[in-house]
Amino acid sequence: IKLLETAQLSKKETSMNPQEIKIYRKLIAKLKDNCIVCPQVAVPSFIHNKVRKDFRIYASLYVDFLICERKSNEPICVIEFQGSGHYGEDRELTEARDILKRKLFDKVDIDLIEILGADIYGYNENKEYIDKVKLDRELEIVKKRIDIILAKLESNTSKNPNTTFYLKI
């Protein structure tokens with residue numbers, strides 16, 4: 001509490017950068033029928049571990065977008081945007097976190113989809129911007145991957161008709 005009293009804090013204007021906001025809005029529009037798009041989600045909010053000390057492995061990790069199946073709210077995949085600012089000031093640390101996320105999500109059977117800035121950027125007078133046509137094309141690919149994930153999920157549910165999803169309120 002003493003640290004809080006002297007901390008130089010302020011509210012951020014937004015939880016996402018302008019490029020993430022563009023991607024988020026497009027994801028919502030593209031996935032609205034079957035999925036919920038949750039931006040800037042802490043990994044511990046959707047991964048459970050049985051051994052308390054294992055929590056430290058991923059306690060400080062966040063994902064750009066968590067995609068959940070609309071009816072059950074089950075996490076089905078994570079989308080990470082690797083834009084030009086992705087690596088920040090410490091490329092080595094960021095690369096290590098990226099590897100950790102890939103292995104972690106593979107272990108818990110959550111698909112990881114990475115959107116690369118190089119695939120969606122356009123350039124005007126040496127300034128990068130998200131090219132709408134390239135972003136739409138990339139998100140169409142993302143949607144197809146998510147449709148496959150949803151079909152597998154539906155197939156697993158139909159094989160076990162007694163599966164029930166509970167929503168805690």
Test: residue in the range 66-88 that is under 22 Å from I130 (Cβ atoms), free of Cβ contacts under 8 Å to residues at least 12 places away in the same chain and exposed (fewer than 15 other Cβ atoms within 10 Å of the Cβ): yes
Qualifying positions in the range 1-35 - aliphatic (A, V, I, L, M), open to solvent by 50 Å² or more (accessible area, probe 1.4 Å) and not in a helix (DSSP H, G or I): I1, L9
Pairs where the first residue, in the range 107-136, is more than 23 Å from C68 (Cα to Cα) and the second is of a type in the set (S, T, N, Q) and in a helix (DSSP H, G or I), C-beta under 8 Å, 6+ apart: G117/Q19; I130/Q19
Breaking point among (1) open to solvent by 70 Å² or more (accessible area, probe 1.4 Å); (2) assigned to a strand (DSSP E or B); (3) touching a Cys at 6+ places or on another chain (Cβ under 8 Å), for Y129: (3)
Subset of the range 37-54 [within 19 Å of the chain's Cα centre (by Cα) and open to solvent by less than 50 Å² (accessible area, probe 1.4 Å)]: V37, C38, P39, V41, A42, V43, P44, F46, I47
Count of residues meeting criterion [over 19 Å from I149 (Cα atoms) and either touching a helix residue (DSSP H, G or I) at 6+ places or on another chain (Cβ under 6 Å) or open to solvent by less than 20 Å² (accessible area, probe 1.4 Å) (or both)] in the range 95-106: 1
Count - residues of the range 121-145 that are touching a strand residue (DSSP E or B) at 6+ places or on another chain (Cβ under 8 Å), within 11 Å of K30 (Cβ to Cβ) and of a type in the set (D, E, K, R): 1
Condition check for E128: within 20 Å of I23 (Cα to Cα), of a type outside the set (S, T, N, Q) and at pLDDT 95 or above: no
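The values are calculated or read from the model by the stated rules, or taken from the named source; none is laboratory data. Here the structure is a predicted model, which means the values were calculated and not measured. Positions of Cβ are generated from backbone atoms using ideal geometry, with glycine treated the same way; all protein chains shown enter the neighbour counts. Side chains are part of the model used for accessible areas, which takes the heavy atoms of the whole protein and leaves out ligands, DNA and RNA. Shrake-Rupley method; radii C 1.70, N 1.55, O 1.52, S 1.80 Å.
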